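Enquirer: Just dropping this structure here.
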Amino acid sequence: MTKSELIARLAEKNPHLYQRDVEKIVSTIFEEITSALGQGNRVELRGFGAFSIKKRDARNGRNPRTGETVHVEEKSVPFFKVGKELRLRLNRQRPLD
Amino acid sequence: MTVTRAQLTEAVYQEVGLSRNESSDLVEEVLSEISDTLIRGETVKISSFGRFGLREKGERTGRNPKTGEEVPITPRRVLFFRASNVLKEKINGPSVA
């Protein structure tokens with residue numbers, strides 16, 4: 001499912017809303033999560049999961065093609081930990097198909 | 001500060017002009033639409049944000065760290081999130097992503 005398919009499904013379930021409002025809702029949610037992470041904040045959505053930032057120390061890496069050593073600066077990477085409820089629902093016994 | 005459903009609801013309320021109640025319902029609907037899609041085994045791709053997908057893990061042997069006892073870990077599905085380059089750049093600035 002892509003973002004536009006997500007928007008289409010939500011629009012179908014909410015016929016009283018304009019498509020452009022549904023688009024706005026979906027993009028606002030992801031922009032809000034992005035900006036929270038950009039400010040170093042954590043985003044915790046119980047039952048779904050939590051987005052956070054993990055620091056990676058500066059290190060000396062290697063260019064895999066030339067073997068040359070390159071310095072990699074310290075950086076932050078986004079991380080998602082799945083929430084308990086979703087984790088359990090992913091593994092609930094599935095009907096035989 | 002940790003961002004939760006309340007802040008996402010507030011952002012949708014400010015941006016879209018629905019009632020707070022309806023904004024809150026829609027935040028919930030977005031999360032459950034994503035969850036349900038993943039539970040069906042489908043990948044969710046949100047452009048400029050990232051991709052949620054599943055990996056199937058086979059059975060392996062684990063150990064109870066307290067007793068040292070060997071216990072089988074049953075096959076399971078685990079969720080992963082891969083952040084898009086756009087999201088990584090917003091967290092680090094364009095140079096290091």
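The values are calculated or read from the model by the stated rules, or taken from the named source; none is laboratory data. Predicted model, so just to flag it, every value in this text is computed and none were measured. When we count neighbours, we look across all protein chains shown, and the Cβ atoms used for this are built from the backbone with ideal geometry, even at glycine. To get the accessible areas, we keep the full protein, side chains included, count just its heavy atoms, and leave off ligands, DNA and RNA. Shrake-Rupley method; radii C 1.70, N 1.55, O 1.52, S 1.80 Å.
Enquirer: Run the quick spin-label model on A:H16 and B:S48: label points 7 Å from Cα toward the beta carbon, then report their separation in nm to one decimal.
Expert: For A:H16 paired with B:S48, the spin-label model returns 3.0 nm.
Enquirer: Helix A:19-38 versus the longest principal axis of chain A: what angle, 0 to 90°, nearest 10, using Cα atoms?
Expert: Tilt of helix A:19-38: around 30 degrees.
Enquirer: Working only with C-alpha atoms, what are the Rg and Dmax values of chain A, expressed in angstrom?
Expert: 19.6, 60
Enquirer: Expressed as an acute angle from 0 to 90° and rounded to the nearest 10, what is the orientation of the C-alpha long axis of helix B:20-39 relative to the principal long axis of chain B?
Expert: That works out to roughly 30 degrees.
Enquirer: Given DSSP loops and a limit of at most 11 other Cβ atoms within 10 Å, what is the longest stretch of chain B that contains no such GluC sites (Glu not before Pro)?
Expert: Longest gap between qualifying sites, sites excluded: B:1-58.
Enquirer: So, with a 1.4 angstrom probe, what is the percent of accessible area on chain A that is carbon and sulfur?
Expert: Here it works out to 46 percent.
Enquirer: Have a look at A:R59, A:R87, A:R46 and tell me which one the Gaussian network model of chain A (Cα, springs below 10 Å) gives the largest fluctuation.
Expert: Residue with maximal mean-square fluctuation among A:R59, A:R87, A:R46: A:R59.
Enquirer: How many lysine pairs are close in chain B, with Cα atoms under 25 Å apart and the two 8 or more places apart or on different chains?
Expert: 4
Enquirer: Same structure again: With every atom except the alpha carbons ignored, what do you get for Rg and Dmax of the stretch B:1-42, in angstroms?
Expert: Every Cα atom of the stretch B:1-42 included, Rg and Dmax give 11.9, 34 Å.
Enquirer: Would you mind getting the Kirkwood hydrodynamic radius of the protein assembly as shown from its Cα pairs, rounded to one decimal in Å?
Expert: 18.9
Enquirer: Now for a separate question. Ordering A:D57, A:D21, B:D25 from largest to smallest accessible area (1.4 angstrom probe), what's the sequence?
Expert: Of A:D57, A:D21, B:D25, the descending order of accessible area is A:D57, B:D25, A:D21.
Enquirer: As a test question: what accessible area, to the nearest 10 Å², does A:K13 have when a 1.4 Å probe is rolled over all protein chains in place?
Expert: 130
Enquirer: Also: What is the average number of partner chain Cβ atoms found within 10 Å of a Cβ in A:7-17?
Expert: The per-residue average across the peptide is 2.
Enquirer: Can you give the log10 of the normalised intensity I(q)/I(0) at q = 0.13, 0.17, 0.21 Å⁻¹, computed with Debye over equal Cα scatterers of chain B?
Expert: Rounded to two decimals, the profile gives -0.74, -0.97, -1.09.
Enquirer: How much FRET efficiency would the formula 1/(1 + (r/R0)^6) give for A:V72 and B:R82, where r is the Cβ-Cβ distance and R0 is 22 Å, rounded to 0.05?
Expert: It comes out at approximately 0.65.
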